[in-house]
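Undergrad: Provided herewith is a single structure, encoded as structure tokens, for subsequent inquiry.
Just so you know, all these numbers are worked out from the coordinates, no wet-lab data involved. None of these values were measured; they are calculated from a predicted model.
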Amino acid sequence: MSAHLSRRLRKGATSGAVVAAAVAALAASQAPEMIPPPTDNAGGDRAIGAGDTASPAGDGSATGNSPYYTELPPLNTPNKPGVPGVPTTNVPVITGPAQAGIPASVLAAYQRAEQSIRSTNPGCNLPWQLLAGIGKVESGQARGGRVNADGTTLSPILGPVLNGVGFANISDTDGGAYDGDSTHDRAVGPMQFIPSTWATWGQDANSDGKKDPNNIYDAAQAAGLYLCDNDRNLALKADLDRAILSYNRSTEYLNTVTSWFEYYSRGTHQVPDGTGVLPVDRSDGRNRNNLPGVTVPFTPAPTTPAPSPSGTGKPKPDPTKPGQPDPTKPPTKPTTPAKPPVTPPKKPTVPPVVPPAVKVARLAAVATGPLTAPTESTFAKGPTVAALDATGAPITGVVVRFEITGTTDARFSGGGTTANVTTGSAGLAAAPTLRAGEKTGSFTVKATVVGRGIDAARFTATVTERQADALTRVGGDPLTATTGTTFAQSVQLKATLKGALAPGVRVTAVIADAEGAKASTDGPTFKDGTRTLTLKADANGLVSLPDILAGDKAGAYALLLTAPGDATTTIKLTVEAPTASPSPSPTPTTEPTPSGTSSPEASASPSA
């Protein structure tokens, strides 16, 4: 009863305020130095963390609400590491409570996933301790770190068959490819993804060419991306809770993961792979002996000798058996057996971990051809660098920062001017896709190694004007208007380049003299009173001119239209004077003579 009460008290001790504060503190800090892991972008051909981001399939939880381990962390606070980051030569592994120890490869995978996702989605504020909390309750940190050199579990970790008997009923979605069951699905791997969710979120974070849910690097990266979905900010308590519940929709699960997350946030340490503490007490009632993929040897309890029939509790000696004492003789003093020599066990040698950045001797620019693109378009090629050591060998896992400098509105995909990319197995890192803005001209992309002061690799990129080699008027009657009026006919042009539409090209319209030789100083104008105008073709290569005013001077003029790429056309403008109205005919009148007689002479009198 006391153990049960203690467990309940520990569960209740996890407050929302403490967890929110822990996450906020982690969000404000820089990502920890990376323990050399496999990379997450094979060949360095895409930015860290890039991958599928569609909504999860199935019932909306990563694990299909499979069972999990309900053991809570101890009440004592783990030791806080003295110096964060990577241990140096001759510095022993930090020790502390056994429950605070995380196997080396598993810890490296969590920290690697945090750094990867923070570089591409900093607004999520993913802490690696959250991945550790989930990994603890899902698989006991990959069964205590029983993984090989590349992070793959020594044997598959499978949850129970989700056949509706005590669990969810999820029919097979992978043909048994991941879980070996072609009838129903099972949660797979150290982060316990069901196959349908892994099909959406699976990652190749160790650059071995496959997305394996049983690989801790692949699984940790996928779990981090899954938790950050829907634009979550895990520094906010509400988003943190929603993220955990999206993994397994259980309030008990939320409380358990939160408890471990808070525990690991107070401090943890690295232990050798395969020596992590295995969990007990699963939510489906299975104990440690039923840990997926693990068989714990059963040790029988020591037997107690049966009491003697006399009830004295002392066995009676049998003189007929050798080695039994003779009650008729006085007891002899037993001889002390010689102690066998004791050889103290050798402490395992922990090799020093050297961060990849320290190994870099130079950052070499990889020739990719000219970096040129028209305005408001995507560069076909981007900057690529190789991280090399002193012998010229490539280095995996180096974080390279690309930065756009110069007067330009060009940006990386996503809208930023900086991006972090980790070198792949060939030591290469390629910048995210570059997109040109509206400004023409050249700018520089600078590549540096994060955490090192070596010389940067620089690339010059150029943004050019969009071009057209032909401008054609689309329909329309001759442009004629009377002075003081507006040309009734509209003017629309189609811009093309080598027969294809030329969207985005800038067209300059000038009202010129009749020969189109120079700009006119009188006659027609555009509505704003100017005689020069620059317009941009739409997505269909069409340019529509505004209304043209005829002005007050009749005569012949020209509309001269040009575009970069030698496209030009001239349209005639005719301004006519208004037609004069005809004069009315005079009305004859008869003037009386002085004698009062009529006179045959008549005079014309203008009408009033």
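Undergrad: Which percentage, to the nearest 5, of the DSSP beta bridges contained in region 357-464 is antiparallel? Before the final figure, lay out the partial values.
TA: Values: 29 of 33 bridges.
DSSP beta bridges in region 357-464 are roughly 90 percent antiparallel.
Undergrad: While we're looking at this one, here's another question. Around residue 361, which amide H atoms from residues at least 5 apart in sequence, or from another chain, sit under 5 Å from its own amide H, with H modelled in the peptide plane?
TA: 388, 389, 390
Undergrad: Multiply the residue gap between residue 183 and residue 250 by 0.36 nm, knock off their C-alpha separation, and tell me the result in nm, one decimal place. Don't skip to the end; give the middle numbers.
TA: Values: separation 67, 0.36 × 67 = 24.12 nm, distance 2.56 nm.
Roughly 21.6 nm would be gained on extension.
Undergrad: Quick one: which residues, 5+ away or cross-chain, put their amide H under 5 Å from the amide H of residue 377? H built at 1.01 Å from N.
TA: Close amide H contacts, sequence-distant or interchain: 436.
Undergrad: How large are Rg and Dmax for region 470-576 when only the alpha carbon atoms are used, in Å?
TA: Gyration radius and largest Cα-Cα distance of region 470-576: 13.4, 41 Å.
Undergrad: Compute the length gained on full extension between residue 570 and residue 169: take 0.36 nm times their separation in residues and subtract their Cα-Cα distance, giving the result in nm to one decimal.
TA: Working: separation 401, 0.36 × 401 = 144.36 nm, distance 7.29 nm.
Taking 0.36 nm per residue and subtracting the Cα distance, the gain is 137.1 nm.
Undergrad: I've got another one for you. Could you work out the relative contact order of region 100-226? I mean the mean sequence separation of Cα pairs under 8 Å and 6+ apart, divided by the number of residues, in percent. Don't skip to the answer; put the middle values down first.
TA: Values: 226 pairs, mean separation 33.1, N = 127.
Computed over region 100-226, the figure is 26 percent.
Undergrad: Karplus couplings for region 415-432 from phi (6.51 cos²θ - 1.76 cosθ + 1.60, θ = phi - 60°), rounded to Hz, Gly and Pro as x?
TA: Running phi through 6.51 cos²θ - 1.76 cosθ + 1.60 with θ = phi - 60° gives x, x, 9, 10, 7, 9, 9, 9, 5, x, 5, 8, x, 9, 9, 10, 5, x Hz.
Undergrad: Please list, in chain and number order, the residues 5+ apart from residue 169 or on another chain whose amide H is under 5 Å from its amide H, with Hs placed from the backbone.
TA: So residue 169 has HN proximity to 164.
Undergrad: Give the relative contact order (percent, whole number) for region 470-576; include only Cα pairs under 8 Å separated by 6+ residues. Write down the numbers at each step before the final one.
TA: Details: 274 pairs, mean separation 38.4, N = 107.
Result for region 470-576 is 36 percent.
Undergrad: Pop out the ³J(HN,Hα) list for region 370-387 in order, Karplus 6.51 cos²θ - 1.76 cosθ + 1.60 with θ = phi - 60°, rounded to Hz; leave Gly and Pro as x.
TA: x, 9, 9, 7, x, 4, 6, 9, 8, 5, 5, 10, x, x, 9, 10, 10, 8
Undergrad: Full-extension gain between residue 485 and residue 391, please, as 0.36 nm times their residue separation minus the C-alpha to C-alpha distance.
TA: Numbers: separation 94, 0.36 × 94 = 33.84 nm, distance 7.92 nm.
Fully extending the segment from residue 485 to residue 391 adds 25.9 nm.
Undergrad: A further question follows. May I ask you to evaluate 6.51 cos²θ - 1.76 cosθ + 1.60, the Karplus curve with θ = phi - 60°, for each residue of region 116-124 and list the ³J(HN,Hα) values in order in whole Hz, giving x for glycine and proline?
TA: Residue by residue, region 116-124 yields 4, 6, 5, 6, 10, 9, x, x, 6 Hz.
Undergrad: Now a separate question. Using only alpha-carbon positions, what ratio does the radius of gyration of region 357-464 give when scaled by 2.2 N^0.38 Å?
TA: 1.05
Undergrad: Another question about this same structure. Calculate log10 I(q)/I(0) of region 408-530 for q = 0.12, 0.14, 0.17 Å⁻¹, where I(q) comes from the Debye formula with a single equal point scatterer on each Cα and nothing for solvent.
TA: Once normalised to I(0) and log-transformed, intensities are -0.72, -0.83, -1.03.
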